[in-house]
Amino acid sequence: MNWNFENGRIYSVDEKGELMAETTYVLKENGEVDIDHTYVNPVLRGQGVASKMMEVVAQHLREKGLKATASCSYANSWLKKHRDLYSDIISKDIDDE
C-alpha cells in the first residue's frame, strides 16, 4: 500500500481514490499525540492491514520524535501488545486510556 501523510492523518487510497485505510491522531496539550481513529475498508479486513498501518504510524511517530496514547481501542491494544518494540513512542499514560 502507498501511504499518504498529512498533519494528524496517515491514509491509503486505491487507484480510484477510495479510502482503503486511515489513522487519525490529534496533538495533545502535553506535546504527545492521541491516536483517536483507525479504519480499514471492509474489502481488506482480516488481512492484517490494520496492524501494518499501525507499524507505519509507529515508525512515523518515531521519526517525528513523538509519543502517543490511543483513545481508539484498536490502536490502544496494538500499542500495548507491541510495547517492547515501540517503547520509545508509547506514552507513560497509555494505560490510562
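Odds and ends about this structure:
- Accessible surface computed residue by residue for the chain, with neighbouring protein chains in place and a 1.4 Å probe, gives 58 Å² per residue.
- Between Asn7 and Asp88, the C-beta separation translates, for a Förster distance of 25 Å, into a calculated FRET efficiency of about 0.70.
- Extension gain for Leu66 to Lys16 (0.36 nm times residue separation, less C-alpha to C-alpha distance): 14.8 nm.
- Carbon plus sulfur fraction of accessible area for the stretch 1-82, probe 1.4 Å, in percent: 47
- Nonlocal amide H pairs with Ala68, under 5 Å, H built at 1.01 Å: Val33, Ile90, Ser91
- Only helical runs count toward this figure. For the chain, summing -39,500 (n - 2.57) over DSSP H runs of n ≥ 4 and dividing by all residues gives -8000 deg cm²/dmol at 222 nm.
- Cut-off of 10 Å, at most 12 other beta carbons, DSSP loop: longest stretch of the chain lacking such trypsin sites (Lys or Arg not before Pro): 46-82
- Within the shell of other residues whose beta carbon sits under 12 angstrom from the beta carbon of Phe5, the net charge comes to -1, with Lys and Arg scored +1 and Asp and Glu -1.
- For the chain, the relative contact order is 21 percent, taking Cα pairs closer than 8 Å that sit 6 or more residues apart in sequence and dividing their mean separation by the residue count.
- Taking the C-alpha atoms only, the angle from helix 49-64 to the longest principal axis of the chain is near 50 degrees.
- Bridge orientation summary for the chain: considering DSSP beta bridges with both residues in this region, about 80 percent are antiparallel.
- Its Cα gyration tensor gives the chain an equivalent ellipsoid; the semi-axes, largest first and in whole Å, are 22, 14, 11.
The values are calculated or read from the model by the stated rules, or taken from the named source; none is laboratory data. Only a predicted model underlies this, so the values are computations on that prediction, with no experimental measurement involved. Methodologically, a virtual Cβ is constructed for each residue, glycine included, from the backbone with ideal geometry; neighbour enumeration extends over all protein chains shown. Accessible surface is based on the protein model in full, side chains and every heavy atom, while ligands, DNA and RNA are left aside. Shrake-Rupley method; radii C 1.70, N 1.55, O 1.52, S 1.80 Å.
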